[in-house]
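S.K.: The structure is given below, and queries will be raised subsequently.
Each reported figure results from applying straightforward, stated rules to the coordinates on display, with no laboratory input. Since this is a predicted model, take the numbers as computed values, not measurements. Glycine gets a Cβ as well: all are built from the backbone with ideal geometry, and neighbour counts include every protein chain shown.
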4 protein chains.
Amino acid sequence: MEPYVHKVKYYECDRMGVTHHSNYIRIMEEARIDYLDKVGYGFEKMEAEGIVSPVTAVKCEYRKTTTFQDEISVELSVVSMSSLKFSFGYVMKCRGAVVFKGESTHCFLVGGRPVSMEERYPELHRMLVEMMEKGQ
Amino acid sequence: MEPYVHKVKYYECDRMGVTHHSNYIRIMEEARIDYLDKVGYGFEKMEAEGIVSPVTAVKCEYRKTTTFQDEISVELSVVSMSSLKFSFGYVMKCRGAVVFKGESTHCFLVGGRPVSMEERYPELHRMLVEMMEKGQ
Amino acid sequence: MEPYVHKVKYYECDRMGVTHHSNYIRIMEEARIDYLDKVGYGFEKMEAEGIVSPVTAVKCEYRKTTTFQDEISVELSVVSMSSLKFSFGYVMKCRGAVVFKGESTHCFLVGGRPVSMEERYPELHRMLVEMMEKGQ
Amino acid sequence: MEPYVHKVKYYECDRMGVTHHSNYIRIMEEARIDYLDKVGYGFEKMEAEGIVSPVTAVKCEYRKTTTFQDEISVELSVVSMSSLKFSFGYVMKCRGAVVFKGESTHCFLVGGRPVSMEERYPELHRMLVEMMEKGQ
């Protein structure tokens, strides 16, 4: 799959002249939404099916700084799955070098309570398992 | 009324080391919500009464830069009112000097259509008229 | 010139489900940087020539709301020029309708003091005059 | 030490009506700066001593959602230290309940290269060791 590309905006850089570290979490979200869209699970479909899938945890490793107008490409993959949770992994590259590695964990809520994705959303579950097996 | 105070955050400053100009619109919003809260029209009351009052226009004049950890104090006043619209004025000061002047215009929507504030929300209307007359 | 396109991000939408009004100022900045880049006055060139051109004023008119994943196209033009200042105009459209109109005013600083663009940066001045005459 | 308090802003909430998860990293930064200020290592002193201490990693655990006007109190402590790195831990509470747990890891750079904090900034090092021992 084509990596998602985020071009760093002027207002995303801080006093040190580098992309503020909080923005990588937003880029992770952009890439995740783009990815789900490409695999046929766009936000509209999620909303139509009433799928609410909040972020329960995030991990970020900042390897190198990036700055204004840099193009950050994001490779996303499914890194783990259980009945109640799954995690995406993110590798961000800029000018050939890895600048960031991250992970986000998600659950599924129905009426505010966690539910088994496998039982409740078997199609999405199957798709994510396939992605994980393909290393994507 | 006590002016609202916003202390500039590290992540609000840009590559030039100054508060990014987009953040003043957010500070205007903070001050406006604080002001309405103090005059007895807090966000919860607005929501409970179903009042939807979007921003229809904004004007900003940037006089001086501010930076990380500066304390910006915001003086807010009602500067104009008509049956369908009203405007707040904002004067922001830092270390004794005016750093910013702004204005925001708002209307009232019911079911997506503009309505007369005077007819629909007479209490709020009266209060804003009083504020305008008092020059607050 | 091709209009600049901004696709609304999830994190740019507020509790009402619409693009928060502060983000339009950021989209104006994105479009302005893109425009200057296309006409040969990219940010790097500006920085290399030591051009510091802060925003001194902004006007925003919010016509229609936009939301997550909307593609906003921005048409930019030079709307006024004097020896010390110039203004860009912005018309943003989404699905055929005008959603936003704005204006930003800029000056040129050298050592913190405003200077005449015509004298100091004649090439950039000529280019902006041409743009204004062409209605771009 | 008094916990740092962040009151959630309207523009920090997303379409789901809750504080967008990216903002917690910003609140961590606010609390960290406030903490260092209180223990006598304010940003100005850091800058004056040429201390550059970037974030190298972040971990976030989202326990409960918060929303507009919630007051989030942040307890910060030093959770680990080595010669080249140290980590802060963050516990955020709202209305008595833990809503967020996080960790941030930092190094010290001189001329872009990591240096030993103990050798280079013995006063700051001693202070952080004390904080860690006191469980603060």
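S.K.: What does the copy distance list look like for A:SER116, label position 7 Å along Cα→Cβ, in nm and ordered from shortest?
M.R.: Listed shortest first, these distances are 5.5, 6.1, 7.9 nm.
S.K.: Just to check I understand the Karplus step: with θ = phi - 60° and J = 6.51 cos²θ - 1.76 cosθ + 1.60, what whole-Hz values come out for segment A:117-130, glycine and proline as x?
M.R.: 5, 4, 6, 7, 10, x, 5, 5, 4, 4, 5, 5, 4, 4
S.K.: Right, here's the next one. So, in nm, how far is label C:MET16 from label A:VAL98 when the simple model puts each one 7 Å beyond its Cα toward the Cβ?
M.R.: Each label point is offset 7 Å from its Cα along the Cβ direction, giving 4.4 nm.
S.K.: Take every residue in peptide A:29-35, count the Cβ atoms of other chains within 10 Å of its Cβ, and give the average of those counts.
M.R.: Mean partner-chain Cβ count within 10 Å for A:29-35: 2.
S.K.: Can you give me the long-range amide H partners of D:VAL98? Hydrogens built in the peptide plane at 1.01 Å from N, cutoff under 5 Å, separation of 5 or more residues or another chain.
M.R.: none
S.K.: Spelling out what I want: for every residue of segment B:50-59, take phi, set θ = phi - 60°, compute 6.51 cos²θ - 1.76 cosθ + 1.60 (Karplus), and round to whole Hz; glycine and proline get x.
M.R.: x, 7, 10, 9, x, 6, 9, 7, 9, 10
S.K.: In the calculated pair distance distribution of chain A, what percentage of Cα-Cα distances lie above 23 Å?
M.R.: 35
S.K.: Taking chain B as the reference, fit the longest principal axis to its C-alpha atoms, fit the long axis of helix B:23-38 to the helix C-alpha atoms, and give the angle between the two in degrees, 0 to 90, nearest 10.
M.R.: 50
S.K.: I'd like the distance between the alpha-carbon centres of segment C:20-75 and segment D:62-83, rounded to an integer number of Å.
M.R.: 34
S.K.: Let me check I've understood the local charge: for B:THR105, count other residues with C-beta under 14 angstrom from its C-beta, Lys and Arg +1, Asp and Glu -1. What total comes out?
M.R.: That works out to +3.
S.K.: Can I ask one more? In sequence order, what are the phi-derived ³J(HN,Hα) couplings for segment D:9-20 according to the Karplus relation 6.51 cos²θ - 1.76 cosθ + 1.60 with θ = phi - 60°, rounded to whole Hz, with x for glycine and proline?
M.R.: 8, 4, 6, 8, 9, 9, 4, 7, x, 10, 4, 4
S.K.: How far apart are the C:ARG63 label points across copies, placing each 7 Å from Cα toward Cβ, in nm, shortest first?
M.R.: Computed spacing set for this position: 3.3, 4.5, 4.9 nm.
S.K.: May I ask which residue of chain D has the beta-carbon nearest to the axis carrying chain D onto chain B, and at what distance in whole Å?
M.R.: For chain D, the closest residue to the axis carrying it onto B is D:LYS9, 5.
S.K.: Could you compute Rg(Cα) / (2.2 N^0.38 Å) for the protein assembly as shown, with N its residue count?
M.R.: Cα Rg divided by the expected 2.2 N^0.38 Å: 1.01.
S.K.: Still on this structure, I have one more. In segment D:43-72, whose amide N lies under 18 Å from the spot 7 Å out along Cα-to-Cβ of D:GLU123? List them in ranges.
M.R.: Residues passing the 18 Å test: D:43-53.
S.K.: In addition: Amide H neighbours of A:VAL52 under 5 Å, at least 5 residues apart or on other chains, H built in the peptide plane: list them.
M.R.: A:LEU109
S.K.: Can I ask one more? Would you mind checking which residues have amide H under 5 Å from C:VAL79's amide H? H placed 1.01 Å from N; only 5 or more apart, or other chain.
M.R.: Here the answer is C:SER87, C:PHE88, C:GLY89, since their amide H atoms fall under 5 Å of that of C:VAL79.
S.K.: Another question, if that's okay. For B:GLU49, which inter-copy label distances result when the label point lies 7 Å beyond Cα on the Cα-to-Cβ vector, reported in nm to one decimal and in ascending order?
M.R.: Ordered by increasing distance: 4.3, 5.3, 5.4 nm.
S.K.: Now, a different point. At 222 nm, what helix-only mean residue ellipticity would chain C give, in deg cm²/dmol to the nearest 500, using -39500 (n - 2.57) for each DSSP H run of four or more?
M.R.: -8000 deg cm²/dmol
S.K.: To the nearest 20 Debye, how big is the dipole of chain B about its Cα centre, given +1 on the beta carbon of each Lys and Arg and -1 on that of each Asp and Glu?
M.R.: Rounded to the nearest 20 debye, it is 480 debye.
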